[in-house]
Amino acid sequence: MEGFWENILVITAARYSVFILSTLLFLSIFELVTSYKNWEEIKNGNIAVAMATGGKLFGIAMIFRFSIEHNDRLLVSMGWGIFGFVLLIAGYLFFEFLTPFMKVDEEIGNGNKAVGFISMVISVGLAYVIGASIAG
């Protein structure tokens, strides 16, 4: 008979809880990095911010997906998730740095859907690369 901590329902609940708490923390960090208030802009109908934030959410989820899939211990999965998030935020900052002809944050905050879309695709693309690296 398996123990309480080996039960798949308990493991799933633990991973789910870690993911939700990590996502809230990571989105709060993204909120500090951006010049606009994500949820306020989304509430006001800013599609560019919604796309950029959605890409970040998808990116975080994809990184944790690979982390959970390829690590059987919760703490190891958390570590890879945190490392993946650091890489994701670094990618976002590189995007800002590599486009000196425009301020990405400002464009997204002003509702530029094209920049919001590119930001979303960069987050999703980076998440796949980060996830593949986690999978080793």
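The values are calculated or read from the model by the stated rules, or taken from the named source; none is laboratory data. Computed from a predicted model, the values in this text were never measured in an experiment. We place every Cβ from the backbone using ideal geometry, glycine too, and count neighbours over all the protein chains shown. The accessibility values were calculated without ligands, DNA or RNA, using every heavy atom of the protein model including side chains. Shrake-Rupley method; radii C 1.70, N 1.55, O 1.52, S 1.80 Å.
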request  = Output the number of residues of segment 58-83 satisfying the condition of being modelled with pLDDT of 90 or more, open to solvent by less than 60 Å² (accessible area, probe 1.4 Å) and not small (Gly, Ala, Ser).
outcome  = 5
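Go through segment 14-27 and report how many residues are more than 21 Å from Asn71 (Cα to Cα) and surrounded by 11 or more Cβ atoms within 10 Å (Cβ to Cβ).
Applying the first criterion (more than 21 Å from Asn71 (Cα to Cα)) to segment 14-27 yields 24-25, 27.
Still in the running and surrounded by 11 or more Cβ atoms within 10 Å (Cβ to Cβ): 25, 27.
Residues in segment 14-27 being more than 21 Å from Asn71 (Cα to Cα) and surrounded by 11 or more Cβ atoms within 10 Å (Cβ to Cβ): 2 in total.
Rundown of residues vs (1) farther than 17 Å from Asp105 by Cα; (2) assigned to a helix (DSSP H, G or I), yes/no style:
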residue: Glu2; (1), (2): yes, no
residue: Ile11; (1), (2): yes, yes
residue: Tyr16; (1), (2): yes, yes
residue: Ser22; (1), (2): yes, yes
residue: Leu25; (1), (2): yes, yes
residue: Leu32; (1), (2): no, yes
residue: Ala50; (1), (2): no, yes
residue: Arg65; (1), (2): yes, yes
query = Taking segment 38-57 as the search range and keeping residues that are in contact (Cβ under 8 Å) with a residue 12 or more places away in the chain and of a type in the set (A, V, I, L, M), which one is most open to solvent (accessible area, probe 1.4 Å)?
reply = Ile47
key: Filter result for the condition that a residue is out of contact with any helix residue (DSSP H, G or I) (no Cβ under 9 Å at 6 or more places or on another chain), in a helix (DSSP H, G or I) and either on the phi > 0 side of the Ramachandran plot or open to solvent by 60 Å² or more (accessible area, probe 1.4 Å) (or both), over Val86, Val129   = Val86
ask   = If you go through segment 89-111, how many residues are open to solvent by less than 20 Å² (accessible area, probe 1.4 Å), without any contact (Cβ under 8 Å) to a residue 24 or more places away in the chain and in a helix (DSSP H, G or I)?
value = 1
